[in-house]
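A.B. asks: If you scroll down you'll find the structure; I have some questions about it.
The values are calculated or read from the model by the stated rules, or taken from the named source; none is laboratory data. These figures come from a predicted structure and were not determined experimentally. Positions of Cβ are generated from backbone atoms using ideal geometry, with glycine treated the same way; all protein chains shown enter the neighbour counts. Surface accessibility is based on the protein's heavy atoms, side chains included, excluding ligands, DNA and RNA. Shrake-Rupley method; radii C 1.70, N 1.55, O 1.52, S 1.80 Å.
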Amino acid sequence: MRNSQNFWDKNAGRYDRFMRKDAAAYERLYELLRPVVRHKTVLELATGTGLIAKNIVRSADHIEATDASQEMIEQAKQGVKSTKLYFSVQDMFHLPYADESFDVVIVANALHIVPEPEKALSEIRRVLKEDGILVAPTFTHAGNDFRGKVKAFFMKLAGFPLHSKWTSADYLSFLRENGWTVRKSTVLKTSFPLTYAECVKSEG
């Protein structure tokens with residue numbers, strides 16, 4: 001995890017510029033998220049520079065937005081005007097929150113870059129209310145077209161920490177195998193296929 005954290009610390013200042021080219025897809029992502037978080041207490045993991053949290057905070061009651069990278073959180077804190085949004089450095093595998101603390105947990109573009117993502121899902125399950133919603137949009141790199149494969153190759157050379165390479169179908173299966181019922185999913189067109197998944201805890 002340390003190498004991965006160094007990568008994000010080093011690239012925190014460039015992150016927003018990198019994401020700008022997918023701005024239209026992210027607008028669609030915010031549209032999907034706003035009704036889910038409306039009047040809810042929300043935890044966002046791997047918030048990065050806080051793009052998602054800042055764009056949906058007006059709909060939510062409160063958002064705890066966290067990231068493992070101190071540099072990312074420093075970037076995220078810049079220009080924050082909402083008292084409903086709080087940024088902090090946290091490890092998604094060991095969260096400091098009580099059981100069933102949140103109505104919604106968002107983990108965007110992160111499960112494919114952490115080792116043992118099933119352990120992150122277990123910790124999410126702990127802090128999410130029984131009737132809560134997990135929203136886990138993730139780049140599904142195995143579905144890359146040729147240009148995407150070339151881009152992924154150069155990102156790997158630059159040290160980008162890619163641990164899981166799923167197709168969209170494989171990713172949804174992974175969520176189901178780890179105790180989640182996918183109630184809504186769609187693939188957004190970005191530099192890489194982005195599989196939006198909205199889940200609730202599976203019964204039993």
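A.B. asks: Just flag the GluC sites (Glu not before Pro) in segment 59-104 sitting in loop per DSSP whose Cβ has no more than 15 other Cβ atoms within 10 Å.
C.D. replies: Numbers: sites: Glu64, Glu71, Glu74, Glu100; in loops: Glu100.
Listed in order of number, the matching sites are Glu100.
A.B. asks: Quickly work out the His39-to-Asp99 label distance, labels modelled 7 Å from Cα along the C-beta direction, and quote it in nm with one decimal.
C.D. replies: The two pseudo-label positions are separated by 2.8 nm.
A.B. asks: How much accessible surface does His62 have with a 1.4 Å probe, in Å² rounded to 10?
C.D. replies: Roll a 1.4 Å probe over it and His62 shows about 60 Å².
A.B. asks: Select from segment 24-113 those trypsin sites (Lys or Arg not before Pro) which occupy a DSSP coil region and have at most 12 other Cβ atoms within 10 Å, ordered by residue number. Numbers along the way, then the final one.
C.D. replies: Numbers: sites: Arg28, Arg38, Lys40, Lys54, Arg58, Lys77, Lys81, Lys84; in loops: Arg38, Lys40, Arg58, Lys81, Lys84.
Here the trypsin sites (Lys or Arg not before Pro) that fit, given the DSSP loop and packing criteria, are Arg58, Lys81.
A.B. asks: Find the lysine pairs in segment 45-129 meeting two conditions, Cα atoms under 21 Å apart and a separation of 8 or more places or different chains, and report how many there are. Don't skip to the answer; put the middle values down first.
C.D. replies: Values: Lys54/Lys77; Lys54/Lys81; Lys54/Lys84; Lys84/Lys129; Lys119/Lys129.
Taking the Cα cut-off of 21 Å, the pair count is 5.
A.B. asks: Please list 3J(HN,Hα) in residue order for segment 32-44, calculated via the Karplus relation 6.51 cos²θ - 1.76 cosθ + 1.60 where θ = phi - 60°; whole Hz, with x for glycine and proline.
C.D. replies: Result, rounded to whole Hz: 5, 7, 4, x, 5, 8, 4, 6, 10, 8, 10, 10, 10.
A.B. asks: Return, ordered by residue number, the residues of segment 41-65 whose backbone nitrogen is under 20 Å from a label point located 7 Å along Cα→Cβ of Asp131.
C.D. replies: Once the point is set 7 Å along Cα→Cβ of Asp131, 41-43, 60-62 turn out to lie under 20 Å by backbone N, inside segment 41-65.
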